[in-house]
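Just so it is clear, none of the values below were taken in a lab; they were calculated from the coordinates. These figures come from a predicted structure and were not determined experimentally. Using ideal geometry, Cβ is built from the backbone for each residue, glycine included, and neighbour counts are taken over all protein chains shown.
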Amino acid sequence: MNSITTPPATRQPGAPWPIDDAAAHLGICSRHLRRLIDDNKIRSIRLGRRIMIPAAELERVANEGA
């Protein structure tokens, strides 16, 4: 996981991340991220039908791992 990308410039600080963007930021596939969410290793929130990763949780996982 050494290839952590920087967040897109259009993101608001603290805004939750969509699954695909969060997975790309962590350098993993979205399917693996969904498995981590299902196993309660990563917190997520639901906004309507969308599953999002809180920015603080994504930062925690990027620094400490799942």
Item to check | Simple Cβ-charge dipole of the range 17-64, Lys/Arg +1 and Asp/Glu -1, about Cα centre, in debye nearest 20 | outcome: 260
Next on the checklist: Taking 0.36 nm per residue of sequence separation and subtracting the Cα-Cα distance, how much length would be gained by fully extending the chain between residue 64 and residue 34, in nm to one decimal?
Outcome noted: 9.0 nm
Checklist entry - According to a simple spin-label model (label point 7 Å from Cα along Cα-to-Cβ), what is the distance in nm between residue 12 and residue 51? => result 2.4
Next on the checklist: For Cα pairs less than 8 Å apart in space and 6+ apart in sequence, what is the mean separation divided by the residue count of the range 17-64, i.e. the relative contact order in percent?
Outcome noted: 37
